[in-house]
């Protein structure tokens, strides 16, 4: 069965308004965001089960706005999108491959073949920087698709030479548009949302289960305050599971425990209010090897986060314990720099998500 395309031609509904939330310091967030945008490399495993059924697509609606794409700045709020026929006039196909330089050492990953347990090795270029990933996702969105349903090398000629760092506001706008697109193309398919910072942003979507849709709402360098401030982007969506991981950038910025925990509580409460049918799963803050951040403090925060999750009707997922050794230190074989995860680290996290999914499925079994 082919991978479904999520058409966004009929995204004409405006996002509902949301109560005012604390504003993030844009200048500080931008500085941290740039510093936190790391290159990702390594070997990943792509394991695909049966494709989901094609989403229920709404019929194309009449009407158009010829200047919608030319007038849209990525720093603005998501625009109202005209029918596909009008969009195609402003969304040209990517340039031919000859305009981009093939990476000298493309990533190697393993692709799952058919429905057996045999692996077929392939060598293909995949995004390894923030600019590359951003432009890949933007190219996918312009053609009415969500990047989590595409292979890693998709739209390669659109992002291979990308070097300009997108801003925090540009990422926010892109993620909001992806949320609107998936909301209108979801149909009867199940949806899970990953919400967080750079660790979430770089979760290899090839490792996500294929029996549902996935929406990655991670932004590099984001904090609990920043996440709280952009929850309105999820309002149009109908997820059944929302995974939250945040807090490490708050610690890097010197935020107090009270501020971090207060933001966690507000995020959980807001998600429960906006998505009453969704299972909100709050994950522990991961350990670090950074001298300025004590793992003892992280463990204390995780205990408090777990208590708040119980109070706010959310589930708590202890991922921290899977990433430490016998001495309580971040396992070196799971990290690239003492903070971010490598391919093996993401496999460990993925295993935790699969266990959580299995528990949820068992709990909701009729």
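The values are calculated or read from the model by the stated rules, or taken from the named source; none is laboratory data. Note that the structure is predicted; figures quoted are calculated from it, not measured. Glycine also receives a Cβ, built like all others from the backbone with ideal geometry; neighbour counts cover every protein chain displayed.
Numbers at a glance
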read-out: Residue among 297, 332 that is free of Cβ contacts under 8 Å to residues at least 60 places away in the same chain, surrounded by fewer than 13 Cβ atoms within 10 Å (Cβ to Cβ), closer than 24 Å to residue 264 by Cα and more than 19 Å from the chain's Cα centre (by Cα); value: 297
read-out: Residue within the stretch 343-360 that is crowded, with 18+ Cβ neighbours inside 10 Å, outside any helix (DSSP H, G or I) and in contact (Cβ under 8 Å) with a residue 24 or more places away in the chain present; value: no
read-out: Test: residue in the stretch 251-265 that is in contact with a strand residue (DSSP E or B) (Cβ under 7 Å, 6 or more places away or on another chain), surrounded by fewer than 16 Cβ atoms within 10 Å (Cβ to Cβ) and either at negative phi or modelled with pLDDT under 95 (or both); value: no
read-out: Residues of the stretch 312-348 that turn out to be closer than 30 Å to residue 272 by Cβ and out of contact with any helix residue (DSSP H, G or I) (no Cβ under 8 Å at 6 or more places or on another chain), as a count; value: 1
read-out: Some residue of the stretch 204-215 being closer than 22 Å to residue 267 by Cα and in contact (Cβ under 8 Å) with a residue 12 or more places away in the chain; value: yes
read-out: Residue that is touching a residue at least 24 places away in the same chain (Cβ under 8 Å), within 25 Å of the chain's Cα centre (by Cα) and not in a loop (DSSP other than H, G, I, E, B), where the choices are 286, 261; value: 261
read-out: Yes/no for residue 219 being out of contact with any helix residue (DSSP H, G or I) (no Cβ under 7 Å at 6 or more places or on another chain) and in contact (Cβ under 8 Å) with a residue 40 or more places away in the chain; value: no
read-out: Filter pass, residue 208 being touching a strand residue (DSSP E or B) at 6+ places or on another chain (Cβ under 6 Å), surrounded by 20 or more Cβ atoms within 10 Å (Cβ to Cβ) and closer than 28 Å to residue 260 by Cα; value: no
read-out: The stretch 300-311: number of residues that are touching a strand residue (DSSP E or B) at 6+ places or on another chain (Cβ under 9 Å) and closer than 19 Å to residue 197 by Cα; value: 2
read-out: Test: residue 320 is touching a residue at least 24 places away in the same chain (Cβ under 8 Å) and either exposed (fewer than 12 other Cβ atoms within 10 Å of the Cβ) or farther than 19 Å from residue 250 by Cα (or both); value: no
read-out: Of all residues in the stretch 234-247 being surrounded by 24 or more Cβ atoms within 10 Å (Cβ to Cβ) and not in a strand (DSSP E or B), the one that is farthest from the chain's Cα centre (by Cα); value: 247
read-out: Residue 106, sole failed condition from (1) at pLDDT 85 or above; (2) assigned to a loop (DSSP other than H, G, I, E, B); value: (1)
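Every residue, every condition in (1) out of contact with any strand residue (DSSP E or B) (no Cβ under 8 Å at 6 or more places or on another chain); (2) in a helix (DSSP H, G or I); (3) at pLDDT 90 or above, yes or no:
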| position | (1), (2), (3) |
| --- | --- |
| 101 | yes, no, no |
| 128 | yes, no, yes |
| 135 | yes, yes, yes |
| 152 | no, no, no |
